[in-house]
């Protein structure tokens, strides 16, 4: 696995010269070589086992929902994306010393989380599939993506839901991840985050109704819900959110 830090300046791209993102955006790629690296192959194979176990727990929760059961492959692909995102962020943050660890998985109603070892602060990891590419997701003036926070109906400014929210992007459709993950040169894009303080700041965060692709709660999969989000033009980039986590 190779880690690279890249910089994106949205308005330098003529396609996004009207982007709302004015500051440079530093992001990280974690590159895997399943076929040529035995180490990467072992990592991916273990993550696929974990993803199948996670998907099985979702199916159990959806035993009485035939609509969800018909989308079994979709749920599995989202679980692959989730465990891969968690692993990649953990590996990136723990490069120099062990800073974060996984939290125990209790139910599919909770998103995949990491936890800071020294202070037990929680980090929610979410992923999406911007088929139009990373630059589109970060820079587009109208259709930029977001850092996803809590459900609006559970959002209480005085009660911290998670201390940090971080994002992973895959620039293709979700149905391709199970094959692409076994190719050399497969990249996972770690694309910034937001703090809880940013989520409760109405000058930064907004409420947004949409269907997250990585939703694991059987009651919410395929259903639009209101979330608290921070658009990419206002988020911390990957280097900045790492600095916040290290404080």
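Taken over the range 156-173, the residue count meeting the criterion of being in contact with a helix residue (DSSP H, G or I) (Cβ under 8 Å, 6 or more places away or on another chain) and closer than 21 Å to residue 113 by Cβ is 10. Of the numbered conditions (1) surrounded by 17 or more Cβ atoms within 10 Å (Cβ to Cβ); (2) part of a loop (DSSP other than H, G, I, E, B); (3) modelled with pLDDT of 95 or more, residue 213 fails exactly one; give the number of that condition. It fails just one condition, (3).
Might you let me know whether the range 36-59 holds any residue that is modelled with pLDDT of 95 or more, touching a strand residue (DSSP E or B) at 6+ places or on another chain (Cβ under 8 Å) and surrounded by fewer than 12 Cβ atoms within 10 Å (Cβ to Cβ)? Scanning the range 36-59, I find at least one residue that is modelled with pLDDT of 95 or more, touching a strand residue (DSSP E or B) at 6+ places or on another chain (Cβ under 8 Å) and surrounded by fewer than 12 Cβ atoms within 10 Å (Cβ to Cβ), so the answer is yes.
So if I check each of 226, 201, 243, 207, which one is modelled with pLDDT of 85 or more, under 19 Å from residue 121 (Cα atoms) and over 17 Å from the mean Cα position of the chain (by Cα)? Just a single option satisfies the conditions, and that option is 243. Taking the range 99-170 as the region of interest, the strands (runs of 3 or more DSSP E) fully inside it that hold 3 or more residues being closer than 30 Å to residue 12 by Cβ, touching a strand residue (DSSP E or B) at 6+ places or on another chain (Cβ under 9 Å) and touching a residue at least 24 places away in the same chain (Cβ under 8 Å) are 122-128, 146-151, 164-169.
Given the criteria part of a loop (DSSP other than H, G, I, E, B) and modelled with pLDDT of 95 or more, does residue 218 qualify? Answer is no for this residue.
Taking the range 1-35, which residues are touching a residue at least 24 places away in the same chain (Cβ under 8 Å) and assigned to a loop (DSSP other than H, G, I, E, B)? Matches in the range 1-35: 1, 13, 18, 19, 20, 21, 22, 23, 24, 34, 35.
The values are calculated or read from the model by the stated rules, or taken from the named source; none is laboratory data. As the structure is a computational prediction, the values presented were derived from the model and not from experiment. Here the Cβ is made from the backbone with ideal geometry for all residues, glycine too, and neighbour counts use every protein chain on show.
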